[in-house]
Amino acid sequence: MFLPCFSEGFGHGMDIELCGKPFWLHGIRGTVHSVRQWSEDITYRPPASSMKVGDTLFVDIPAEKTFSTRHYQKFWVVASDGRQFQVDVPCQVREGQQVCLVWGNVKGEKVGRMLYIRNLSLGHSSIVHNTLPWSVLFASVGRMTARALMVLLVLALILKGADIFRNLVGHYTRQGTNPLWLVATWVMVAVILLGALFVVIGFLRVLWRLFQNKRQAIQTLSTTINSNPRFLESL
């Protein structure tokens, strides 16, 4: 689905903060025109099969099957001052209804993505979830990654040190008999297992942080916009 981008310079604005990132919001309020809706099936064809009976070869070519269906929608929003924007986001709108559109991005970015749609005629509003900037979704993930790399570096140094120590001990004594060689070996095994466990836990923590950031950003957007009727009225 193509999601439209809008410039910061159009419409009335409001500054907020999402996951610690300064964020700007702009929008438009107007009437819905030229609504178009269509769908597209994504199909696939199962592999053909064959069977030979005597000198005759039978080939079975299966028919195409529908894997999924994508729904599309386009419409124009025309404001009372003549501004108009084309929107390519599936939502519940009909010809002639009044809507508010809000788009935005982090400070410093001049182009924003559609974030919020409110149908004034129906009293229904929704947040467009998959348009949040990556810088918001990955907030604090950079610090988590830096700390994780430091821990992995320490584990790598311990592993390398234990390997060097084991080689030195094994050089002067038969491997497997010296207690120090055995201790160094077990230390290496423990460090490898600990490193693997740390990587798995770190990956799960990053996924959880992304989920938390998205949920927090959506909640902040919804609360901020819905609790500021003057902002919507000024669009």
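Do we find that VAL151 is part of a helix (DSSP H, G or I), more than 15 Å from CYS19 (Cβ to Cβ), modelled with pLDDT of 80 or more and not small (Gly, Ala, Ser) in this structure? Criteria met by VAL151.
Given the criteria under 30 Å from ILE16 (Cβ atoms), assigned to a helix (DSSP H, G or I), of a type in the set (A, V, I, L, M, F, W, C) and in contact (Cβ under 8 Å) with a residue 24 or more places away in the chain, does LEU194 qualify? In short, no. Screening PHE23 with (1) touching a Lys or Arg at 6+ places or on another chain (Cβ under 9 Å); (2) free of Cβ contacts under 8 Å to residues at least 60 places away in the same chain gives one miss only, at (2). The residues of segment 1-36 that are in a strand (DSSP E or B) and modelled with pLDDT under 85, listed by number, are CYS5, PHE6, SER7, GLY13. Scanning segment 211-235 for residues that are in a helix (DSSP H, G or I), among the small types (Gly, Ala, Ser) and more than 16 Å from the chain's Cα centre (by Cα) yields SER222, SER234.
Sub-6 Å Cβ pairs linking a first residue in segment 31-60 that is over 24 Å from LEU120 (Cα atoms) to a second residue that is among the acidic types (Asp, Glu), at least 6 apart or interchain, are THR43/GLU64; ARG45/GLU64; SER49/ASP60, ordered by first then second residue.
Per-residue answers, yes or no, for (1) exposed (fewer than 12 other Cβ atoms within 10 Å of the Cβ); (2) assigned to a strand (DSSP E or B); (3) in contact (Cβ under 8 Å) with a residue 60 or more places away in the chain; (4) out of contact with any Lys or Arg (no Cβ under 7 Å at 6 or more places or on another chain):
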position	(1), (2), (3), (4)
ASP81	yes, no, no, yes
GLN86	yes, yes, yes, no
GLY112	no, yes, yes, yes
LEU115	no, yes, yes, yes
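The values are calculated or read from the model by the stated rules, or taken from the named source; none is laboratory data. All values derive from a computational prediction rather than experimental measurement. Glycine also receives a Cβ, built like all others from the backbone with ideal geometry; neighbour counts cover every protein chain displayed.
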